[in-house]
Structure formats: structure tokens, C-alpha cells
Amino acid sequence: MTEIRICHLYPKEMNIYGDRGNIAVLQKRLERRGYSSSVTPIGAGEDFNPSIFDLCYLGGGQDRDQIIVAHDLQKKSAALRSGAEDGMVFLWVCGGIQLAGEGYTDSDGRRIPGVGILDLDTSAGNRRLIGDLVLNAELDGETSTLVGYENHAGRTFLGPDATPLGSVLKGYGNNGADQTEGAVQERVIGTYMHGPILPKNPWLADKLLTWAIEHNTGGIPALSPLDDSLENLAQQVAISRAGVKR
Amino acid sequence: MRHIALFIAKAAGTISRILRRGGGTSLPGMILMKMRPTMLREMAQDLEDGVIVISATNGKTTTARMVANAIQESETSYVANTSGANLASGIATALLAKKPEDRLGIFEVDEAALPTLIPELQPSVIVLMNLFRDQLDRYGELESTIQKWKDMIQSLPETTKLIVNADDPALGFLGSQHSNVEFFGIEQNQYGSVILPHAADSIHCQKCDSALQFQQTTIGHLGHWSCQNCGEQRPQPTFTGTNINLNELNGSEFSVVSKSNSIDLEVPLAGLHNVYNALAAFSICSASGIKSSNIQKGLSTLSAAFGRNEIITYAGTEMMLLLAKNPAGANQNLQTLLLTEEKIDLVISLNDRTADGKDISWIWDVDYDMIFDRIATLTISGDRAYDLALRFYYSDFPTSNMHIVPSVEGLLNHLKDSCESLQRVVILPTYTAMLDLRSQLNKVGATHSFWEEQ
């Protein structure tokens, strides 16, 4: 049985928005298709070995914890970049998208370097961007509506090598100015939709799993469809609560 | 001008109640403070025995109610915001209803509003019970609340007494920065754990940022903590809760040891969190010179604050309401349900309105899995019922045993239709879900309106 190897980075520090929900969804959707999976937590001070993982998740944390993590990531950034070059799948949300970029300039002008697996840069804005976030996303030439919640002070702008995950229908997205949300570069995805985004966005979950299985086996899998009626209802409710008519 | 402002604001409350636009628990105060912004301070200064302020993420309504009950036993007349409206407008509304003989104010205060309300209320006693992650879209990060409380404590006059939960690492540290402070905390006991729960927040030393060590945890990150790096540690409490016996869902008994004496207390509200609430209430009363016998009586005759351990009978079935609005509170409610061997007909209602927090991510930080094997039936309701259903579905809870009824009318109909088979109904609602449920129950005559409380 193929085992998909998931790395959960900094689960103790970066977990304030129920991030473990994303891990649960990845594992269950694999299990329901006959794949096994493993989850390896890697925290501050621990080594990251890029050759033993198919998918790497990083969630959102408080500012204080994000700074601790940003410093620790410096020691892992070469290994993370090599993983990204090798086709490892990344889902880095909330603080994660900022850490994946070139760096973050805080409100006092201090610079915190990022890992550099997404061509983007972030600086602090003067107010937090908080609320529902709905977007039209595109991956592998397919489109889908995604819905989540954002809460961030950072304003992120993409460079030429990254493409937005989607265009904003409701909310602020990367910076509240250019209608872009998130970033995709090879198999690295960053997004401001924080916490448990995968439960009600099964299209995104399956896209990540398809890539992760391909990374593991070398072949593109045909994932069997699951009964997503609850997922779809939750998504519809969230979209309508966000005030988007469809 | 003062009299005109008071008159108009009071009239607004009466009209609001007549029009059934709500309890009028905030509107009169809001109008009053628009007309005369200094009025809150003026009214608070009129209280000869001073003001007691209680703040926390969880437990402030129940604790304020406990204190009020004990003070009532000592026949001191007080004014309080018992309906739970805990912003400036709610407190001003409560003060508007002050009777001439009221000498003392007992106010629960929203944790984010606390720093700005302290200069207005100039309390003689401030009680800080706990800080957990809660409604991050509204309150922001826990660290920023801790920072604001820190600044607030630094500017407190010496004469203000702080009463602080020593078991909360952040608060224990903050309390130690003030000289006029007394701590409370509970002894290690059979209900504690050595494992930090998933949603533990204050796990780093406030002084040096190192990871804290916990000899025992009780609720979330509350417990016996120390920092091996800088030596900072849980302060020695003046009031220690010990010999704790949690009596299933009926309540608990425990003793408070302070200086040389030990007082036995009985609390008719279930769970370790209510031991903390009662211990805080005891500390407040004791520090305010209330006789122990009056505190004992006040606590043992307590009825539940609305929505908190409240029992309502509907369609011939008793239902227990346990407000659950953040991970620490919800986890503690689930721990409490584990105190009984009985199977539970669990109802959870999740709303995402302003007072609940619009971000419902937090349900993934709740360890619902701990009670799966105690659930006889699961009913899921509220604005975001399907999100909650996914929370259970992805933890392998069988969907065949999950009833999803988003509307409150649907929920009550479902409970009525299945009342024959229901045994022990426990409802965990978010704040507005609880208001909706109570208002619907009120319509069918199962309960009374919340502004008729007291």
C-alpha cells in the first residue's frame, strides 16, 4: 500500500486556527481511497529531511510564535527549497504564506527573512484584514470556488514567478488592493484562508493529494470520487454567509 | 443635564422592553454615555463600598453571580450586570437601575474592554481569572490581550487589590508585578492531567520566552507551572482549593485553605471550572470581609447563570445548557460530561454571528473525540451546522447517528419528536445560539426571558 508522507511543521507554535483540521482531512481522504499516510510533526530545533516527505503543511500562529518560527526556519530553508525543487507539495497558510516568501517587513521596519519557495514579499499594513474570503481559484487548468476566513496584518505582493491561487470575490486576499489571493509556484501553495480550509474545499484537498501521490509514486493517480455532500453544503453555507450570491 | 440624561436613558430601556426589542440590557447605557460620557465614572463613584470587577475568558458571569449570592447573604445591597452585558454600555445600564441603598458594584467586564473601563470604574478589587484563545477575529491574539492587561496593571494605584489565578501562567506572572495582590489556585488533584491539551495557549514564560514545565494541568494551560530557564514559577496562593470531589453533573465539594483555616464549600454547578469559579468567588468575598458562613450559604444555594449549567424542561425532557464558545470552554464542558457514566444525547449548536465570533475555525481545536463513546445521539444545529458536521465526520463519527437540523425551530421539533427515546440531553450552544434557543423555548413557554433574571 502506498504511504503518503505528510510533514506537519511547527504544530505547537503554528496552530491557532484549528490547523489540525487540514491534516485530518488529508489523512481521511487518503484512507477512504485505500492509501495509507503518516504525519510527522517537526518543531523548532529539529531537522527537516526533504527526501522523506510528499507534502508539507504549515499553519498560522501568533506574532510572537511566528517570529520564533521564522528564525528557526532559517536553518531549514535550504532543505525546504530542495524539497520544493524536487516537487514536494506545500500548503502553507496564514502566517505560512508570509514565511514561504522572500521576507516580511514588520511595522517597525524590521526585516524577517522568508524561505523563498514562493516569489512574493510581505510588509505589515496599518490595520488587520479580517473576514470571510471567497475566491475563484485555478489549478492545473481547472477552476473552483474556494471559501475561508482571513485575519492578517501583512500585505503580500507576488513576483513574476508566482501566480495567484485565485481572484477575490469577497474579502481582501493578498493585499486588499489587487484582488489576488494566495500564490502558487510549482507545487507550493500559499494562502491567507487560514485554519481548517480543506474540510469545506474538497477540490483543493484532492488537488494536493493528487500531487502528493504523484510525488510519491511518479504516476498521476485517478482519485476515486467521494461522497462530498456535507462538504458541499458547508461550502455553500459559508459562501452565502459571506454575502456572495451564486 | 445629569438628570435629563438619566431620565431619557431609563425611558429608552422601558420602551425597548415594551417593544420586545431585547432586554434593554445595553441600550439605555449606550444612550446615556452618548449624552454624558463622564456618567459611568460619576455613577461608579456613588457606590460607597466600591466596585468589584471580574474579568476572564471563561467563568466571569458565573463567578459574578456567585459573589452576588454570597454578598446578598451578608445583607449588603449591591448593583450588578447579571444579564452578562459586560461592555461599558451594559455596566452603565446596570448602574442606571441602581437602588438608593446599593452600596457595592459587582461587574463582570469583557476582557478586551477591561483596560479602558478600569479608569472609569476605579474598582477597589479586580479579579483576573484566566485568558484563553477566544474569538480571534474580534479579540485578536491572546498575546495582545496579555500585553494590554500588563500595561493596565502597571498603571494601577497601590490601593487597588488584585485577585489573580496563580494557575494561569500569564496571569500569575502579571499579578506578581503588583504589590497589592492575592492569588488563588487549586492543589494537584485526581482530575488533573500531565499532558497539555492541543489548544493550550500560555505555554511560554512571560519573562524569558522559554517553554514552561507543567507538573499538572487542570483546564487548558491552567496548572502548576514553572520555568526551568529563569526560575519564574506559579505564585504561592493565599487561597488554595483542595480535597476536591466532583459529584458527576450535580456539583462539587471542596475545601479552601487560607492561612490557618480551612472552609468546606459546596457548589451545585458541575465541573472543575466551577471549582475555579467558586474559589475565585470565595477569594473575592473573603478579601472583602464577608463572613465564611455567608459565602458557604451563598455558594450552596446558587442557581445557574443563564445558559451556564442551566436546566430547562421541554417536551417532558430535562435539558442541560452548557454555553461553549471557545476551545478551552468547550473542552472543559466535555471533560465535565465525562464525570458521568451515563450516555448522553448531545446537541451542539454553532452560530457565527458577531457575538459568537464570525470565524468558526476554533471547532477544530475542540477535542470532541473524547466523548464519542458516551454519545447516544448527536444532533447538530446552528448557522454553521454543516461545518460542525464535518468536524465530526472527519473524526470518524458515524453519520448515521448524526442528525443535522440547522434552524432552531427544526431543532426543537426534532427534540420533541424524539423525546421518548432521549435520556440525558445536554446542549452545547455558542452565545447567540443559546439566545436563539432560549427565545424559542420562551415562545413555547418552557423558559422565561433573560431580562427577567435575578
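Structure notes:
- If you go through region A:158-177 and keep only what is part of a strand (DSSP E or B) and over 14 Å from residue A:129 (Cβ atoms), you end up with A:158, A:163, A:166, A:167, A:169.
- Verdict on residue A:172 being crowded, with 23+ Cβ neighbours inside 10 Å, under 22 Å from residue A:244 (Cα atoms) and within 14 Å of chain B (Cβ to nearest Cβ): no
- The strands (runs of 3 or more DSSP E) located wholly in region A:70-155 that include 2 or more residues which are crowded, with 18+ Cβ neighbours inside 10 Å occupy A:89-93, A:120-139.
- Within region B:170-224, being away from chain A (no Cβ under 14 Å), closer than 30 Å to residue B:289 by Cα and hydrophobic (A, V, I, L, M, F, W, C) holds for B:171, B:173, B:174, B:181, B:183, B:184, B:186, B:219, B:222.
- Taking the criterion of being at the interface with another protein chain (Cβ under 9 Å from one of its Cβ atoms) and of a type in the set (Lys, Arg), the residues of region A:4-25 that qualify are A:12, A:20.
- Single residue of B:57, B:76, B:25 found to be not in a helix (DSSP H, G or I) and not assigned by TED's automatic domain parsing to the domain that holds residue B:112: B:25
- Every residue from region A:175-205 that is touching an Asp or Glu at 6+ places or on another chain (Cβ under 8 Å), crowded, with 24+ Cβ neighbours inside 10 Å and more than 14 Å from chain B (Cβ to nearest Cβ): A:183
- Residues in region B:163-196 that are part of a strand (DSSP E or B) and either of a type in the set (D, E, K, R) or over 18 Å from residue B:58 (Cα atoms) (or both): 3 in all.
- Summed over region A:27-65, the residues that are surrounded by fewer than 18 Cβ atoms within 10 Å (Cβ to Cβ) and more than 19 Å from the chain's Cα centre (by Cα) give a count of 13.
- Those strands (runs of 3 or more DSSP E) of region B:348-454 in which at least 2 residues are more than 28 Å from residue A:132 (Cα to Cα) and either within 14 Å of chain A (Cβ to nearest Cβ) or hydrophobic (A, V, I, L, M, F, W, C) (or both), considering only elements entirely within it, cover B:375-381, B:425-429.
- Residue A:28 vs. criteria at the interface with another protein chain (Cβ under 9 Å from one of its Cβ atoms) and over 19 Å from residue A:100 (Cα atoms): yes
The values are calculated or read from the model by the stated rules, or taken from the named source; none is laboratory data. Not measured: the values here are computed from a predicted model. Using ideal geometry, Cβ is built from the backbone for each residue, glycine included, and neighbour counts are taken over all protein chains shown.
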